Structures are given as C-alpha cells and as structure tokens.
C-alpha cells in the first residue's frame with residue numbers, strides 16, 4: 001500500500017512539474033486593433049492653396065509634392081532678396097561694399113529662399129493619405145494640417161494586460177502577431193508599457209472585462225510586402241516570456 005502511495009505521489013509531482021514547465025514557456029496572447037503610424041503634414045506658410053496633388057487613399061512617396069501654395073508674395077520677396085544679395089556681393093569686391101551689409105543680405109536671401117521652398121508641401125514619409133482637410137482655392141494658415149499620412153510599413157497594436165503579467169514583459173521584447181482569420185504571423189516588439197493602471201477600454205466586448213484594471217502595452221509590427229495589415233484589423237499579440 002505504501003508503495004502504491006509513493007508511486008502516486010511521484011506521478012503527481014511529475015505532473016505538477018510538467019504543468020509548470022508548460023505554462024511557464026507557453027506564450028500568452030491578447031487581442032488588439034491595428035493602428036497605422038500617422039503623421040500630420042502642416043503648411044508652414046499662411047497662403048492660398050493653388051493645387052492639391054493627392055486624394056484620400058492616395059499612395060505617396062517621401063519627398064513627393066502633396067500640394068502647392070500660391071505664394072506670389074513669397075516668390076516676389078525671394079526675388080528681391082536675391083537681387084539685393086547679388087548687388088551686395090558685387091559691392092563687397094570693391095571699396096563701396098561692406099562685410100556687414102553682405103552678411104545681412106546673405107541672411108535675408110537664405111531666409112527668403114527657405115520660405116519659397118515651403119511653397120511646395122511635401123510628404124515627410126512614404127505611405128497613404130488617410131485624411132485631406134482642404135481643397136484648392138482655400139486659404140490655409142501656417143501650422144494648420146493639410147493632410148494626414150499613414151506609414152503602413154509599420155503598424156502599432158495596443159493590448160491590455162493584468163498586473164501579474166507585467167513582470168514577464170519588457171520594452172524591446174520580441175512578440176509575435178497573427179491574424180485570427182488566416183493565422184498569418186508578423187514579427188514585432190514591445191515599444192512601451194504604461195506605468196499606471198486603467199480600466200479596460202470600452203471596445204472590449206463584455207462589461208465585466210471593461211471593469212478590470214489593466215496596463216496598456218504598445219507593440220509595433222513590420223508589415224509584409226503586400227501591406228496586408230490595415231488600420232482597424234484585429235490582431236492577436238503573443239508574448240513570449242523573456243529568457
């Protein structure tokens with residue numbers, strides 16, 4: 001009888017050990033929504049928009065011209081500044097000019113040329129236009145955003161985890177994302193972990209789940225060549241325990 005009990009105890013210990021090993025190394029997954037990395041592109045000048053070269057949904061390349069401003073006053077000032085600079089440059093070669101005047105006119109010319117370059121509003125990234133806020137002929141004030149461009153090469157996914165799991169996560173830790181419908185996987189990493197707890201966001205299905213205190217974890221994934229990941233998709237994020 002004692003021998004049987006000993007065997008049972010050994011088997012139970014083996015089962016518990018195996019379970020602990022299994023759960024320790026088994027990834028745990030959470031669901032989140034894909035968000036594109038968005039960049040607002042503003043106008044640096046206050047002027048009338050003469051043309052817009054993109055529409056919502058248009059693909060754009062980094063440095064591509066999104067819109068052009070009328071800029072008649074800006075171009076006139078640039079032409080005057082350039083003419084005065086060239087005159088100061090010529091006078092400097094003779095006794096009629098001074099270094100102070102030359103430096104002043106050069107500064108004014110460089111500044112005017114910079115303002116003129118802002119007449120063409122270009123995209124700072126390659127991506128897709130999500131929103132367009134103005135039309136040709138409208139006046140736009142300096143600092144107001146003209147369009148919002150989404151960089152789809154990388155996407156963000158926020159997931160929310162319980163306090164007990166924070167010890168298993170770290171910024172820079174590699175994660176795996178997969179689409180529930182196709183099981184296609186994507187490589188990613190943890191970008192940030194919120195320091196303060198919050199209630200689960202309202203887009204979680206049940207009221208009971210929304211009432212839990214959780215911590216937001218921001219993850220980022222590289223899209224594939226076909227740009228499969230799109231804003232609004234649901235993605236499962238699997239966290240591997242750090243070794």
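Listed values, structure above:
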| item | result |
| --- | --- |
| Index of the failed condition, residue 121 passing every other in (1) farther than 30 Å from residue 217 by Cα; (2) loosely packed, with under 13 Cβ neighbours inside 10 Å | (2) |
| Scope the range 162-217; condition assigned to a loop (DSSP other than H, G, I, E, B), modelled with pLDDT under 80, out of contact with any helix residue (DSSP H, G or I) (no Cβ under 8 Å at 6 or more places or on another chain) and surrounded by 12 or more Cβ atoms within 10 Å (Cβ to Cβ); matching residues | 212 |
| Counted residues, the range 71-103 - those being surrounded by 17 or more Cβ atoms within 10 Å (Cβ to Cβ) and either out of contact with any helix residue (DSSP H, G or I) (no Cβ under 8 Å at 6 or more places or on another chain) or within 26 Å of residue 124 (Cβ to Cβ) (or both) | 3 |
| Test: residue in the range 72-85 that is closer than 25 Å to residue 119 by Cβ and modelled with pLDDT under 95 | no |
| Verdict on residue 137 being touching a strand residue (DSSP E or B) at 6+ places or on another chain (Cβ under 6 Å), loosely packed, with under 14 Cβ neighbours inside 10 Å and in a loop (DSSP other than H, G, I, E, B) | no |
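So that you can scan it fast, the table gives a plain yes or no per residue for (1) at pLDDT below 95; (2) touching a strand residue (DSSP E or B) at 6+ places or on another chain (Cβ under 9 Å):
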{"residue": "99", "(1), (2)": "yes, no"}
{"residue": "104", "(1), (2)": "no, no"}
{"residue": "110", "(1), (2)": "no, no"}
{"residue": "116", "(1), (2)": "no, no"}
{"residue": "121", "(1), (2)": "no, yes"}
{"residue": "154", "(1), (2)": "yes, yes"}
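The values are calculated or read from the model by the stated rules, or taken from the named source; none is laboratory data. All figures in this text were calculated on a predicted structure; none of them were measured in a lab. Every residue, glycine among them, receives a Cβ derived from its backbone with ideal geometry; neighbour counts consider all protein chains shown.
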